[in-house]
Amino acid sequence: MKIITGLAKGMNLETLEGEATRPTSQRVKEAVFSMLQFDIEGARVLDLFAGSGQLGLEALSRGATRATFSDSSRDATDIIIRNAKKSRLFDKCRISTCDYNQMIRGIAGKEQYDIIFIDPPYKLDCISDVLKKLCDANVIAPNAFLVCESGKEDVFGGDEELKAKFEIQKKARYSITYITVLRPIF
């Protein structure tokens with residue numbers, strides 16, 4: 001797994017061994033950053049369920065101002081730290097070992113993010129809960145992009161009230177992976 005372009009172009013990133021995490025495939029990452037390419041410069045990024053940190057680090061490499069990473073696994077956050085240092089992007093990173101509930105509570109009302117990556121393990125099936133909590137915490141910037149990666153097409157879990165808070169910018173399927181890019185309309 002490599003950083004595609006920018007300051008750290010070509011940098012090989014370390015990943016967790018085993019089945020504990022599912023790194024975003026290179027094909028999916030390229031598609032996501034193709035969608036976001038004109039909105040990354042100067043962005044504040046939140047990378048939830050960060051794993052190796054590849055999405056947030058790619059955004060930093062492409063000109064994002066800073067990135068906040070969160071993963072519940074200490075092994076994952078240790079890898080994010082190593083990858084951030086290796087790519088020389090560490091000074092733009094804030095890295096926390098905590099689950100998404102703790103992370104969102106911790107940042108509530110303190111900062112808003114322009115790009116939010118939501119890529120939980122598919123078996124958690126928690127994207128709708130994450131979206132609700134992000135809305136309640138007032139951390140979504142007015143013109144933000146929320147990039148959801150899931151194993152299901154409906155990231156709202158059938159919740160029409162939640163769905164009404166977002167505009168779907170793009171939906172795509174790559175094998176078993178669904179990418180849904182949202183913008184807030186609240």
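The values are calculated or read from the model by the stated rules, or taken from the named source; none is laboratory data. All values derive from a computational prediction rather than experimental measurement. A quick note on method: Cβ atoms are made from the backbone with ideal geometry, for glycine too, and the neighbour counts reach across all protein chains shown. The protein model used for the area step is the full one, side chains on, heavy atoms only, and it has no ligands, DNA or RNA in it. Shrake-Rupley method; radii C 1.70, N 1.55, O 1.52, S 1.80 Å.
Checking each residue in segment 5-31 for being open to solvent by less than 60 Å² (accessible area, probe 1.4 Å), of a type outside the set (S, T, N, Q), touching a Ser or Thr at 6+ places or on another chain (Cβ under 8 Å) and modelled with pLDDT under 90 picks out Gly6, Met11, Leu16, Val28. For segment 171-186, the count of residues that are open to solvent by 30 Å² or more (accessible area, probe 1.4 Å), under 17 Å from Ala50 (Cβ atoms) and of a type outside the set (Gly, Ala, Ser) is zero.
Taking the listed residues Ala84, Ala76, Ala43, the one that is out of contact with any Pro (no Cβ under 9 Å at 6 or more places or on another chain), open to solvent by less than 60 Å² (accessible area, probe 1.4 Å) and closer than 14 Å to Ile3 by Cβ is Ala84, with no other qualifying. Taken over segment 74-89, the criterion of being over 23 Å from Ala144 (Cα atoms) and either of a type in the set (A, V, I, L, M, F, W, C) or in contact with a Gly (Cβ under 8 Å, 6 or more places away or on another chain) (or both) is satisfied by Ala76, Ile79, Ile80, Ile81, Asn83, Ala84. Please verify whether Ile118 is among the aliphatic types (A, V, I, L, M), surrounded by 16 or more Cβ atoms within 10 Å (Cβ to Cβ) and over 24 Å from Glu160 (Cα atoms), treating the condition exactly as stated. Judged against the criteria, Ile118 is not a match.
For Lys171, the stated conditions do not hold, so it cannot be described as more than 19 Å from Gly56 (Cβ to Cβ) and outside any strand (DSSP E or B). For segment 81-93, state whether one or more residues are in contact with a Phe, Trp or Tyr (Cβ under 9 Å, 6 or more places away or on another chain) and at positive phi. Checking segment 81-93: not a single residue is in contact with a Phe, Trp or Tyr (Cβ under 9 Å, 6 or more places away or on another chain) and at positive phi.
Of all residues in segment 146-167, those satisfying the criterion of being touching a Leu at 6+ places or on another chain (Cβ under 6 Å) and part of a strand (DSSP E or B) are Leu146, Phe166. Every condition in (1) surrounded by 15 or more Cβ atoms within 10 Å (Cβ to Cβ); (2) in contact (Cβ under 8 Å) with a residue 60 or more places away in the chain; (3) closer than 17 Å to Ala59 by Cβ holds for Glu111 except the one numbered (1).
Only residues that are open to solvent by 30 Å² or more (accessible area, probe 1.4 Å) and in contact with a helix residue (DSSP H, G or I) (Cβ under 9 Å, 6 or more places away or on another chain): list them for segment 129-144, please. Give the derivation first.
First, the residues of segment 129-144 that are open to solvent by 30 Å² or more (accessible area, probe 1.4 Å): 129, 132-133, 136, 138, 142-143.
Across segment 129-144, the qualifying residues are Asp129, Lys132, Lys133, Asp136.
Among residues of segment 151-168 that are farther than 19 Å from Asp136 by Cα, those with a Cβ under 9 angstrom from a residue that is of a type in the set (Phe, Trp, Tyr) and open to solvent by less than 80 Å² (accessible area, probe 1.4 Å), sequence gap 6+ or separate chain, pair up as Gly151/Tyr122; Gly151/Tyr178; Lys152/Tyr122; Lys152/Tyr178; Glu153/Tyr178; Asp154/Tyr178.
Name every residue in segment 80-126 that is in a loop (DSSP other than H, G, I, E, B) and among the aliphatic types (A, V, I, L, M), in order of residue number. Even if it seems obvious, please write down each step before you answer.
So in segment 80-126, the residues in a loop (DSSP other than H, G, I, E, B) come out as 87-89, 98-99, 108-112, 119-121, 125-126.
Those that are in a loop (DSSP other than H, G, I, E, B) and among the aliphatic types (A, V, I, L, M): Leu89, Ala108.
Name the single residue that is surrounded by the fewest Cβ atoms within 10 Å (Cβ to Cβ) among those in segment 87-101 being touching a helix residue (DSSP H, G or I) at 6+ places or on another chain (Cβ under 9 Å) and under 18 Å from Ala8 (Cα atoms). It would help to see each step written out before you state the result.
To start, the set of residues in segment 87-101 that are touching a helix residue (DSSP H, G or I) at 6+ places or on another chain (Cβ under 9 Å) comprises 87, 89-93, 95-98, 100-101.
If we keep only those that are under 18 Å from Ala8 (Cα atoms) as well, we get 87, 89-93.
Details: Ser87: 22, Leu89: 25, Phe90: 16, Asp91: 9, Lys92: 17, Cys93: 22.
Going through the qualifying residues, I end up with Asp91.
Each residue in segment 48-73 was checked for being outside any loop (DSSP other than H, G, I, E, B) and open to solvent by less than 10 Å² (accessible area, probe 1.4 Å), and 12 pass.
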